[in-house]
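> Please find one structure pasted underneath; my questions will follow.
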Amino acid sequence: MNPNTSLLASSAADGDLAGKHIVLGLTGGIACYKSAELCRLLVKAGASVQVVMTEAATQFITPVTMQALSNRPVYSSQWDAREPNNMPHINLSREADLILIAPCSADFIARLVQGRTDELLSLLCLARPMTSVPLLVAPAMNREMWVHPATQRNMAQLQADGAVILGVGTGEQACGETGDGRMLEPAELLEDVVAFFQPKTLAGQRVLVTAGPTYEAIDPVRGITNLSSGKMGFAIARAAREAGAEVTLVAGPVALATPRGVARVDVKSAQNMLSAVVQHAQAATIFIATAAVADWRPAHAADHKIKKDGSGATPQLQFVENTDILATVAQSARAFSGALFCVGFAAESQDLLANAQAKRARKGVPLLVGNIGPATFGQDHNALLLVDAHHAIELPHASKLTLARQLVADIANRIS
Ligand code: CTP
């Protein structure tokens with residue numbers, strides 16, 4: 001299990017799925033135990049959830065559990081007389097904004113590929129209006145079953161038929177073997193479902209984001225850093241990914257979970273961050289510098305721990321200035337030619353507008369996002385001020401994820 005899934009779950013804004021109606025289909029597999037938690041998370045995010053189970057799924061978890069968590073009776077038979085017209089496959093599929101099969105067994109994938117209709121869940125998948133009701137599939141099976149050509153062939157066909165395959169996790173399996181084929185964790189599936197509904201305003205873009213503090217070594221056990229938590233940058237990486245971009249996140253030392261689908265490069269010092277950014281900026285179309293990069297580093301990091309000598313004398317540290325990563329990238333040929341849109345952040349403690357305007361001009365970027373550093377470092381909420389050459393737009397106090405989505409929408413507007 002991903003040790004950071006609780007962090008992932010807590011970063012999901014409540015209400016992300018408000019107004020959405022999801023049919024959650026369970027098929028036979030030990031991963032059904034995770035579907036109880038998934039159902040709870042979907043409901044917590046604001047969705048109404050209608051659970052449909054195959055007969056095999058009811059061998060692993062009871063409909064009673066799923067009814068209690070979804071607050072709706074579970075359907076498992078195509079002959080369910082509770083529906084006045086006796087057509088649950090039509091009624092349930094017409095009401096849905098999305099059908100999510102989790103877990104989806106190898107057998108059920110084969111059924112979907114063949115268009116089988118001998119039980120309710122595959123029947124309603126076939127009966128769904130394909131243009132308005134997307135089908136998302138979270139496979140779960142033994143690693144040998146997963147890599148078998150029959151499964152891979154079926155998956156390719158299922159995708160070609162319009163379903164979205166959410167991938168699988170890797171690790172220890174219920175059978176005792178280790179490999180690919182575990183169902184993704186509930187928090188990961190929630191993140192995928194939430195992302196699915198976000199507008200794809202950055203489709204085709206390649207976004208590079210820096211996040212977190214940097215750490216400048218004094219000696220092997222001490223260093224200089226700052227209070228940045230990285231949460232704003234991670235939220236921006238997630239929002240950009242949700243908007244359909246390919247995202248690379250260059251992260252300073254923080255213990256945050258990587259957003260789904262984001263490529264992460266961990267760095268420590270400002271110099272490490274500069275090299276990673278320069279390398280990845282070559283392919284990027286948007287650069288968002290959220291990191292609180294240390295302005296100075298000790299001129300010489302000692303090879304060994306600096307010891308007290310008993311006299312009370314303190315070490316005399318000399319500092320050198322770190323290269324300004326944002327300004328360096330903003331002055332590159334790609335930025336000048338318009339191939340790379342650069343966005344800076346300003347962490348200020350006062351005079352936000354004036355400081356942000358001055359910093360935007362100094363860094364040579366079209367857009368700079370101001371925030372009050374001491375008020376936001378480590379918090380889940382923030383307020384932003386978007387400053388360009390002509391205007392300043394306030395994004396009022398909200399969760400960092402909400403603000404990140406607003407910023408992404410603003411950037412998408414500017415580059416379109
Ligand atoms: N930045 C950077 N490299 C640095 C310093 C800052 O890329 N060596 C970027 C930050 O990621 C941010 C912007 O520049 O996007 C502004 O950072 P901030 O710390 O607010 O300002 P500084 O440039 O350090 O200026 P000052 O300390 O004077 O406020």
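> Identify the residue in segment 36-86 that is β-branched (Val, Ile, Thr) and within 26 Å of Ala18 (Cβ to Cβ) and, among all such residues, is surrounded by the most Cβ atoms within 10 Å (Cβ to Cβ).
Quick first cut of segment 36-86, residues β-branched (Val, Ile, Thr) only: 43, 49, 51-52, 54, 58, 61-62, 64-65, 74.
Okay, now just the ones that are also within 26 Å of Ala18 (Cβ to Cβ), so 43, 49, 51-52, 65, 74.
Numbers: Val43: 18, Val49: 23, Val51: 25, Val52: 30, Thr65: 16, Val74: 21.
Result: Val52.
> Among (1) without any contact (Cβ under 8 Å) to a residue 24 or more places away in the chain; (2) exposed (fewer than 15 other Cβ atoms within 10 Å of the Cβ), where does Lys359 come up short?
Only one criterion is unmet by Lys359, namely (2).
> Are any residues in segment 361-398 farther than 20 Å from Lys231 by Cα and outside any strand (DSSP E or B), and if so, which ones?
Ala361, Arg362, Lys363, Gly364, Val365, Pro366, Asp388, Ala389, His390, His391
> Do we find a residue being buried (at least 17 other Cβ atoms within 10 Å of the Cβ), under 18 Å from Ala235 (Cβ atoms), touching a strand residue (DSSP E or B) at 6+ places or on another chain (Cβ under 8 Å) and in contact (Cβ under 8 Å) with a residue 60 or more places away in the chain anywhere in segment 264-279?
no
> Against the definition (buried (at least 18 other Cβ atoms within 10 Å of the Cβ) and closer than 30 Å to Asp97 by Cβ), how does Phe197 come out, yes or no?
Criteria not met by Phe197.
> Scan segment 288-304 for residues that are in contact (Cβ under 8 Å) with a residue 40 or more places away in the chain and not charged (D, E, K, R) and jot them down.
Residues satisfying the conditions are Ile288, Ala289, Thr290, Ala291, Ala292, Val293, Ala294, Trp296, Pro298, Ala301, Ala302, His304.
> Between a first residue in segment 106-125 that is of a type in the set (Phe, Trp, Tyr) and a second residue that is surrounded by 20 or more Cβ atoms within 10 Å (Cβ to Cβ), which pairs have beta carbons less than 8 Å apart while being 6 or more apart in sequence or on different chains?
Phe108/Thr27; Phe108/Gly28; Phe108/Thr54; Phe108/Ile101; Phe108/Leu121; Phe108/Ser122
> Ok, one more. What is the residue count in segment 139-160 for residues that are exposed (fewer than 12 other Cβ atoms within 10 Å of the Cβ) and closer than 15 Å to Glu177 by Cβ?
Going through segment 139-160 one residue at a time, the tally reaches 0.
> Specify the residue that is farthest from Leu41 (Cα to Cα); the eligible residues are those in segment 75-124 that are in a loop (DSSP other than H, G, I, E, B) and hydroxyl-bearing (Ser, Thr, Tyr).
Residues of segment 75-124 in a loop (DSSP other than H, G, I, E, B): 76-87, 96-97, 105, 115-119.
Filter once more, keeping what is hydroxyl-bearing (Ser, Thr, Tyr): 76-77, 105, 117.
On the way: Ser76: 22, Ser77: 25, Ser105: 22, Thr117: 30 Å.
So, considering only residues that are in a loop (DSSP other than H, G, I, E, B) and hydroxyl-bearing (Ser, Thr, Tyr), the one farthest from Leu41 (Cα to Cα) is Thr117.
Coordinate-derived values only; no laboratory data. Computed from a prediction, not measured in an experiment: that's the story for all the values here. Positions of Cβ are backbone-derived with ideal geometry, glycine not excepted, and every protein chain shown enters the neighbour counts.
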